[in-house]
Amino acid sequence: NAKIDDTVVVFFSGHGISIDGKFYYIPHNVADIDANSEAEYNQKYPAWERTVKQNSISSDEITNVMTRIKSSNKMLIMDSCQSGGNWMSKMSESRRQQKLEEQRSDITKKSNTMGIAMISAAQQEDSAFENKKLGHGFLAYGLLEAMKEERDKGKITAFSIIVQTSKKVLEISKQFKKKQVTFVSLFGVDFALSD
């Protein structure tokens, strides 16, 4: 029951896939394709895709939930493969269009800000990596490191976390000879994540 002056941070970490331009966050009960050859994989893929669509959390559902949260400042962090893309930009636009007018007077009276920050571990068609040595995925590790550094500087903001986490992910990617680029979006005013 977030209030308009609250800041809400939602963090997803797990498996994800983009199918026909829509992102699906895959829960643990949806098994990966068990195949011994590329031909067998290709044969099983259509049924698996249907299972994913029926049993996963779609980007439409995430957008709907995030839009219904009443707080003026929200941050969405998606730590999964293929989680970045146009749907995140559409979520910002959807939030702006649906909530701006109905909340404008409350926001102006109470907090005078409205911000939506989003960061995903990878672009729409790319993988998100993890490494046992780090104990985390690249995004989660980069986020934790960025939070420590920003905390030491003082106040942590959505913008500073997005920028520093993205930099950290690039550094980690180079270190482990992988290619992982975050997808980021910031709409509206930057907002504090700590005092």
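Observations, loosely collected:
- Subset tally (residues that are assigned to a helix (DSSP H, G or I), among the polar types (S, T, N, Q) and over 26 Å from S127 (Cβ atoms)) for the range 142-164: 1
- The condition of being over 25 Å from I62 (Cβ atoms), in a helix (DSSP H, G or I), modelled with pLDDT of 90 or more and not β-branched (V, I, T) holds for only one of K167, K177, K133, that being K167.
- The set of residues in the range 27-54 that are in contact (Cβ under 8 Å) with a residue 24 or more places away in the chain and surrounded by fewer than 13 Cβ atoms within 10 Å (Cβ to Cβ) comprises P27, N29.
- Some residue of the range 110-130 being modelled with pLDDT of 90 or more and more than 15 Å from the chain's Cα centre (by Cα): yes
- Single condition G16 does not satisfy, out of (1) in contact (Cβ under 8 Å) with a residue 40 or more places away in the chain; (2) surrounded by 17 or more Cβ atoms within 10 Å (Cβ to Cβ); (3) out of contact with any Ser or Thr (no Cβ under 7 Å at 6 or more places or on another chain): (3)
The values are calculated or read from the model by the stated rules, or taken from the named source; none is laboratory data. Computed from a predicted model, the values in this text were never measured in an experiment. Cβ coordinates were reconstructed from backbone atoms using ideal geometry, including for glycine residues, and neighbour counts include every protein chain displayed.
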